[in-house]
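Please treat every number below as a calculation from the coordinates, not as lab data. Quick caveat, the model's predicted, so the values are computed rather than measured. Using ideal geometry, Cβ is built from the backbone for each residue, glycine included, and neighbour counts are taken over all protein chains shown.
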Ligand SMILES: [Ca+2]
Ligand SMILES: [Ca+2]
């Protein structure tokens, strides 16, 4: 398991609360959405009492990924970013820095693995089924070997 990274301006205790809140919000969004689209037939994969955190994140990713290419680009993140900034005073900094924190390799796009990771699904819950094996490049490496 990777060490808990730091989020700028958002101390660990706040960060944890921020992530738990955010997960809760996504969960209720997901619930509202599934009620909306439920016209008599229920989607079998969404049973909200048992839905796993990583599935919530996948759902949110799917909502945001408008061109369905499996990545979140900057323009797709614009609205989400706005929502994140509307937080209560205490966690506003967390919200502001959240997406930058998520984009661990800083390529300006957020992959599902990055999203799941930055939501703390691996750390705060133990129902993780998606593993991130994409970890090829150490982001610090270029600083270490470049001269
Ligand atoms: Ca996309
Ligand atoms: Ca990225």
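Of note:
- Packing around the peptides 68-75, 106-113, taken as the average count of other Cβ atoms within 10 Å per residue, puts them in this order, highest first: 106-113, 68-75.
- Estimated FRET transfer efficiency when R0 is 25 angstrom, pair residue 6-residue 36 (beta carbons, to 0.05): 0.10
- Ranked 104, 29, criterion: other C-beta atoms within 10 Å, fewest first: 29, 104
- Length added when fully stretched, residue 92-residue 52, from 0.36 nm per residue minus Cα-Cα: 11.8 nm
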